[in-house]
Amino acid sequence: KFDSFMKFAKAQGFDTVATGHYAKNGMENGRAVLLKADDRNKDQSYFLAEIRREVLDHVVFPLGHTEKPEVRRIAAELDLSIAQKKDSTGICFIGERKFRQFLSNYLPMKDGPIIDIETGKTVGTHHGVFYYTIGQRKGLDIGGIGPFFVAGKDVVKNELYVAGKNHEDLLYSDSCTITDVNWLADRKFPLNCCAKFRYRQADNDITLRVNEDGSLTAEYPQLIRSVTPGQEAVIYDGDTLICGGKIETVYRGGNNLESMIREKVHAEAAV
């Protein structure tokens with residue numbers, strides 16, 4: 001969407017686009033970079049990690065230095081109705097509607113088994129593995145037993161794996177690989193920096209290494225909960241957004257965490 005908007009603006013003869021994202025413009029060695037907003041509670045730089053680097057030369061973020069209460073005050077002074085608008089809790093481009101309903105328009109969903117990794121037995125039915133995220137507890141509709149959380153999934157087999165609180169350790173990893181990397185700033189590696197593995201997450205200290213195939217390995221000194229394959233990893237050096245990419249594989253102790261869970265499930269089922 002962002003790229004399409006930029007192309008449209010250029011076609012209309014405009015050189016620069018201003019957006020209402022809470023993020024900041026910066027410069028490093030003569031090149032434009034993307035920075036976190038001053039309002040850390042509203043910072044939206046995470047969502048901009050996939051824009052093309054060239055776009056940063058043609059976009060400005062006027063709200064980057066202003067906190068949300070001040071924006072509301074200015075809007076009220078100008079008698080703009082937006083001053084009274086409630087904060088959005090949804091994804092801006094789909095509006096205030098159920099995310100599951102939105103996904104169903106684009107991703108084919110079908111029911112499948114929910115499997116307890118401790119017993120290898122089916123304990124319920126899911127309504128499409130894409131609707132569930134690692135660590136999720138609510139909305140599993142597993143009655144009479146539990147509580148459970150989502151420990152993993154197999155998209156090919158359409159299986160959702162759950163575990164009880166005695167297996168919480170399966171949610172924690174110490175490293176991951178990141179693919180489809182989009183670079184927004186230059187750095188030398190290995191680099192001690194920070195990462196967000198989901199929006200609003202606190203910065204996590206990591207050591208970042210570039211692999212021969214162009215993918216990245218992020219190693220974290222403290223175990224991190226629910227780093228999830230398929231989601232976005234966004235890397236920062238201080239306030240500067242270095243790059244974003246897809247979390248490909250998650251590890252603990254050098255072992256693929258997803259593979260460990262699948263092997264445990266099928267080992268229990270075979271007993």
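Among the residues of the stretch 149-177 satisfying the criterion of being out of contact with any helix residue (DSSP H, G or I) (no Cβ under 8 Å at 6 or more places or on another chain) and in a helix (DSSP H, G or I), which is nearest to T133 (Cα to Cα)? Among residues in the stretch 149-177 that are out of contact with any helix residue (DSSP H, G or I) (no Cβ under 8 Å at 6 or more places or on another chain) and in a helix (DSSP H, G or I), the one nearest to T133 (Cα to Cα) is L171.
Would you mind finding the one in P69, P62, P113 that is over 24 Å from the mean Cα position of the chain (by Cα) and assigned by TED's automatic domain parsing to the domain that holds D141? Within the list P69, P62, P113, the selection yields P113. Restricting K42, K10, K24 to residues that are basic (K, R), assigned to a helix (DSSP H, G or I), surrounded by 10 or more Cβ atoms within 10 Å (Cβ to Cβ) and modelled with pLDDT of 90 or more narrows the list to K10. Here A83 clears all of (1) modelled with pLDDT under 90; (2) over 26 Å from A151 (Cα atoms); (3) under 24 Å from the mean Cα position of the chain (by Cα) except the condition numbered (3). Does the stretch 103-122 include one or more residues that are surrounded by fewer than 20 Cβ atoms within 10 Å (Cβ to Cβ), touching a strand residue (DSSP E or B) at 6+ places or on another chain (Cβ under 7 Å), free of Cβ contacts under 8 Å to residues at least 12 places away in the same chain and not basic (K, R)? Looking through the stretch 103-122, at least one residue is surrounded by fewer than 20 Cβ atoms within 10 Å (Cβ to Cβ), touching a strand residue (DSSP E or B) at 6+ places or on another chain (Cβ under 7 Å), free of Cβ contacts under 8 Å to residues at least 12 places away in the same chain and not basic (K, R). Counting only residues that are of a type in the set (D, E, K, R) and either in the same structural domain as Y236 (by TED's automatic domain parsing) or touching a residue at least 60 places away in the same chain (Cβ under 8 Å) (or both), the stretch 4-51 holds 5 of them. One residue stands out among those in the stretch 169-209 that are touching a strand residue (DSSP E or B) at 6+ places or on another chain (Cβ under 7 Å) and free of Cβ contacts under 8 Å to residues at least 24 places away in the same chain: the one that is farthest from E118 (Cα to Cα), which is F189.
Candidates are the residues of the stretch 27-38 that are surrounded by 13 or more Cβ atoms within 10 Å (Cβ to Cβ) and small (G, A, S); the one that is nearest to V234 (Cα to Cα) is A37. Scanning the stretch 151-190 for residues that are under 30 Å from G26 (Cα atoms) and charged (D, E, K, R), we see that the one that is surrounded by the most Cβ atoms within 10 Å (Cβ to Cβ) is R187. Note on the stretch 195-222: residues that are over 17 Å from R252 (Cβ atoms), over 14 Å from the mean Cα position of the chain (by Cα) and of a type in the set (A, V, I, L, M, F, W, C) amount to 3. Looking at E263, E258, E219, E212, which is the one that is acidic (D, E), in contact (Cβ under 8 Å) with a residue 24 or more places away in the chain and surrounded by fewer than 16 Cβ atoms within 10 Å (Cβ to Cβ)? Every option except E219 fails the conditions.
The values are calculated or read from the model by the stated rules, or taken from the named source; none is laboratory data. Just so you know, these numbers come straight off a predicted model, no measurement behind them. Ideal geometry is used to build each Cβ from the backbone, glycine not excepted, and the neighbour counts take in all protein chains shown.
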